[in-house]
Amino acid sequence: MTRIQVGLDGIPDDTDVLVIGLGITGAGVALDAASRGLRVVAVDAHDVAFGTSRWSSKLVHGGLRYLAKGQFDVAHESAVERGILMETTAPHLVRALPMLIPLTPSMGRGQTAVARGGTQAGDLLRLAARTRRQTLPRPRRISATEALTLAPVVRREGLRGALLSWDGQLEDDARLVLAVARTAVAQGALVHTRVRVTEPTGSGAVLTDSRTGATRTIRARAVVNASGVWAGQLVPEIRLRPSRGTHVVLRRETLPGVRCAVMAPVPGSSNRFVFALPQPDGTFYVGLTDEEVDGEVPDVPEAPEEDIEFLLGVLNSALQYDIGREDVVGAYAGLRPLLDAGSTTADLSRKHAVLVSGTGVVTVVGGKLTTYRQMAQDAVDRGVAEARLTAGPCRTRRLPLVGAADATELAAVDAPPRLVRRFGTEAPAVLADAVSVTGLDEAELLAPVADGIPVTLAELVFGITHEGARTVEDLLDRRTRVGLVPADRELAVPAAERALELAGSALG
Ligand SMILES: Cc1cc2nc3c(=O)[nH]c(=O)nc-3n(C[C@H](O)[C@H](O)[C@H](O)COP(=O)(O)OP(=O)(O)OC[C@H]3O[C@@H](n4cnc5c(N)ncnc54)[C@H](O)[C@@H]3O)c2cc1C
């Protein structure tokens, strides 16, 4: 029964490992520890993927940007982890994304040479990580005609061709976190949302049900703080310098015919780009900014107008026509949990850190979605050593997530393509679950919940029965991402309410 639970019920008084936070890092730690045979309780104050993990660019990157900064170890680690996700642990949730750098007149010869060297170095990273060429094809220079076939919106005047390279793209970041969390449950972890941790020490913490305010204590032999940008609120020795990254959301019609990511160089920088990333639901996410932020960490960061203006300005420099503010149908921002190291946030190393506090809490922070597995391995290794726990070796490198299968197996799964894309081999079980819980027929469960919105009632119901969703927000902002376009979200609310009503009685 790979079900995520809600609230304090079912959490024991005593465990081997308590994990604080169910972003990608905490979910990864829960999976790593449980798969080594440890007893694990993993909780989140809000919901799975409530924090930074749902505000990413949804890329599984090879780490080229770090290579450009001379951070070879970070780049290599990213490339290795990308290969593991694409070939072993989550091939159902990650696919190869073609990325196009148009060689427009604004890309000078020098910048072109740097970009070309970058794509070739990216291929060497792939090779060094032993990722197959079938998984990520070879980068190449293409003609202007070929570039315009892939991206007809690119500025035509003076177009000299384009550089085409490949990286990994997630179906959705929150879906990866949910898959990792449910795989942890399958390995025996207890994963509970709506449980806030306070007063953590190396031997336990206070747990509060965020809905009822009920509290209790838990004893743990190791406590891992994976609360991202909030890590310093639980362990005061941790000092973070969060940096904001903003994306805007465009509809497919705004960039008609585009079949790849389009990258536009940021003026004055040799290795920063604004990219428009095509999404499986028919939108584009355009990102990314990198701005240091001070003060209180908000639950949900806001995307400021100046970030939106910057992104549109840079993207427009590579396009045949200008995209206006009125074309922006959504915007989101996330805070990178970067360790304070005294330099600017754009230069801070994206390498993760594992730190042990005076009271013995193990904090794991920094890094990125792509490297969650290695981060979790390092954190659990440290926790096991500090607490002198008896545990098996790390197994996650070869442990597929729930629903994982290779392309041939996935192609043979008897279920609608949308469900296979999001649930892999579990897709038929998602549908069967929804039929048995609601008594509705398949056609109704698989119909788009509103005109032009491909979300189905089947996946909403499964979100409630297996993924711990209990509110409209859980369903529309994390189990599905229709919430990224507020106008679409409004249209999907009745379906979310209906799913809660239908599945609520089944939950008792
Ligand atoms: C704009 C942006 C784009 C990015 N794009 C990419 C990308 O494309 N690819 C990539 O690999 N990486 C990317 N990253 C990096 C990546 O998203 C983050 O490094 C990663 O998501 C951090 O995950 P986390 O689990 O550490 O933190 P979070 O996801 O923030 O999780 C922390 C969790 O802790 C919970 N919590 C906090 N306090 C408590 C408490 N007291 N008790 C219980 N729970 C608590 C929160 O509710 C939250 O759910 C991006 C980052 C940003 C900001």
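The values are calculated or read from the model by the stated rules, or taken from the named source; none is laboratory data. Every value quoted in this text rests on a predicted model; they were computed, and no experiment measured them. For neighbour counting, all protein chains shown are included, and Cβ atoms are generated from backbone atoms with ideal geometry for every residue, glycine included.
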Item checked: Filter result for Leu401 (within 21 Å of the chain's Cα centre (by Cα) and either surrounded by 14 or more Cβ atoms within 10 Å (Cβ to Cβ) or farther than 30 Å from Val29 by Cα (or both)) -> yes
Next item on the list: Could you give me the residue pairs with C-beta distances under 8 Å whose first residue belongs to segment 35-58 and is acidic (Asp, Glu), whose second residue is assigned to a loop (DSSP other than H, G, I, E, B) and more than 6 Å from the ligand (Cβ to nearest atom) wherever it lies, and which are 6+ apart or on separate chains?
Entry: Asp44/Arg194; Asp47/Arg194; Asp47/Gly468; Asp47/Ala469
Margin query: Looking at (1) part of a helix (DSSP H, G or I); (2) over 30 Å from Ser78 (Cβ atoms); (3) without any contact (Cβ under 8 Å) to a residue 60 or more places away in the chain, which one does Ala506 not meet, given that it meets all the others?
Written below: (3)
Item checked: Breaking point among (1) in contact with a strand residue (DSSP E or B) (Cβ under 7 Å, 6 or more places away or on another chain); (2) free of Cβ contacts under 8 Å to residues at least 24 places away in the same chain; (3) surrounded by fewer than 16 Cβ atoms within 10 Å (Cβ to Cβ), for Pro137 -> (2)
Notebook entry, point to check: Would you pick out the residues in segment 420-454 that are surrounded by 24 or more Cβ atoms within 10 Å (Cβ to Cβ) and farther than 17 Å from Gly504 by Cα?
Noted result: Arg422, Phe423, Gly424, Glu426, Ala427
Notebook entry, point to check: Residues of segment 71-103 being hydroxyl-bearing (Ser, Thr, Tyr) and either in contact with a Leu (Cβ under 6 Å, 6 or more places away or on another chain) or closer than 21 Å to Ala121 by Cβ (or both), which ones?
Noted result: Ser78, Thr89
Notebook entry, point to check: What are the residues in segment 50-68 that are under 14 Å from Gly122 (Cβ atoms) and either outside any helix (DSSP H, G or I) or within 12 Å of the ligand (Cβ to nearest atom) (or both), if any?
Noted result: Leu59, Val60, His61, Gly62, Gly63, Arg65, Tyr66
Notebook entry, point to check: Considering only residues of segment 8-21 that are assigned to a loop (DSSP other than H, G, I, E, B) and away from the ligand (no atom under 13 Å from the Cβ), which is farthest from Asp47 (Cα to Cα)?
Noted result: Asp13
Next item on the list: Check Val195 against each of (1) modelled with pLDDT of 95 or more; (2) touching a helix residue (DSSP H, G or I) at 6+ places or on another chain (Cβ under 9 Å); (3) of a type outside the set (S, T, N, Q) and name the one condition it does not meet.
Entry: (2)
Margin query: Tell me yes or no: at least one residue of segment 268-288 is at positive phi and either under 19 Å from the mean Cα position of the chain (by Cα) or among the polar types (S, T, N, Q) (or both).
Written below: yes
Notebook entry, point to check: When you go through (1) away from the ligand (no atom under 14 Å from the Cβ); (2) at positive phi; (3) touching a Ser or Thr at 6+ places or on another chain (Cβ under 7 Å) one by one for Ala186, which number turns out not to apply?
Noted result: (2)
Next item on the list: Keeping to segment 69-92, report how many residues are without any contact (Cβ under 8 Å) to a residue 60 or more places away in the chain and assigned to a loop (DSSP other than H, G, I, E, B).
Entry: 1
Check: Looking at segment 87-115, which of the residues that are over 19 Å from the mean Cα position of the chain (by Cα) and of a type in the set (S, T, N, Q) is surrounded by the fewest Cβ atoms within 10 Å (Cβ to Cβ)?
Finding: Ser106
Next item on the list: Report yes if some residue within segment 147-156 is within 16 Å of the ligand (Cβ to nearest atom) and among the hydrophobic types (A, V, I, L, M, F, W, C); otherwise report no.
Entry: no
Item checked: Hits in segment 360-389 (condition: under 21 Å from Ala220 (Cβ atoms) and either hydrophobic (A, V, I, L, M, F, W, C) or modelled with pLDDT under 95 (or both)) -> Val361, Val362, Val364, Val365, Met375, Ala376, Ala379, Val380, Val384, Ala385, Ala387, Leu389
Next item on the list: Could you please tell me which pairs satisfy a Cβ distance under 8 Å, a separation of 6+ or placement on different chains, a first residue in segment 321-348 that is under 29 Å from Gly483 (Cβ atoms) and at pLDDT 95 or above, and a second residue that is among the basic types (Lys, Arg) and away from the ligand (no atom under 16 Å from the Cβ)?
Entry: Asp327/Arg251; Val329/Arg251
Note to self: I need the strands (runs of 3 or more DSSP E) fully contained in segment 213-268, keeping only those with at least 2 residues that are in contact (Cβ under 8 Å) with a residue 40 or more places away in the chain and surrounded by fewer than 18 Cβ atoms within 10 Å (Cβ to Cβ).
What the structure shows: 215-225
Notebook entry, point to check: If you check Glu497, Glu467, which single one turns out to be surrounded by fewer than 18 Cβ atoms within 10 Å (Cβ to Cβ) and charged (D, E, K, R)?
Noted result: Glu497
Notebook entry, point to check: On the given criteria, is Leu440 over 24 Å from the mean Cα position of the chain (by Cα), under 20 Å from Arg498 (Cα atoms) and not in a helix (DSSP H, G or I)?
Noted result: yes
Check: Do we have Thr246 as touching a helix residue (DSSP H, G or I) at 6+ places or on another chain (Cβ under 7 Å), within 11 Å of the ligand (Cβ to nearest atom), of a type outside the set (Lys, Arg) and modelled with pLDDT of 95 or more here?
Finding: yes
Check: Residue check, Asp47 against (1) buried (at least 21 other Cβ atoms within 10 Å of the Cβ); (2) at negative phi; (3) out of contact with any Ser or Thr (no Cβ under 9 Å at 6 or more places or on another chain); (4) of a type in the set (D, E, K, R), all met but one. Which one?
Finding: (3)
Next item on the list: Scan segment 286-301 and give yes if some residue there is away from the ligand (no atom under 14 Å from the Cβ), in a loop (DSSP other than H, G, I, E, B) and at pLDDT 95 or above, otherwise no.
Entry: no
Next item on the list: Go through segment 467-494 and give me each residue that's farther than 20 Å from Gln279 by Cβ and part of a helix (DSSP H, G or I).
Entry: Val472, Glu473, Asp474, Val493, Pro494
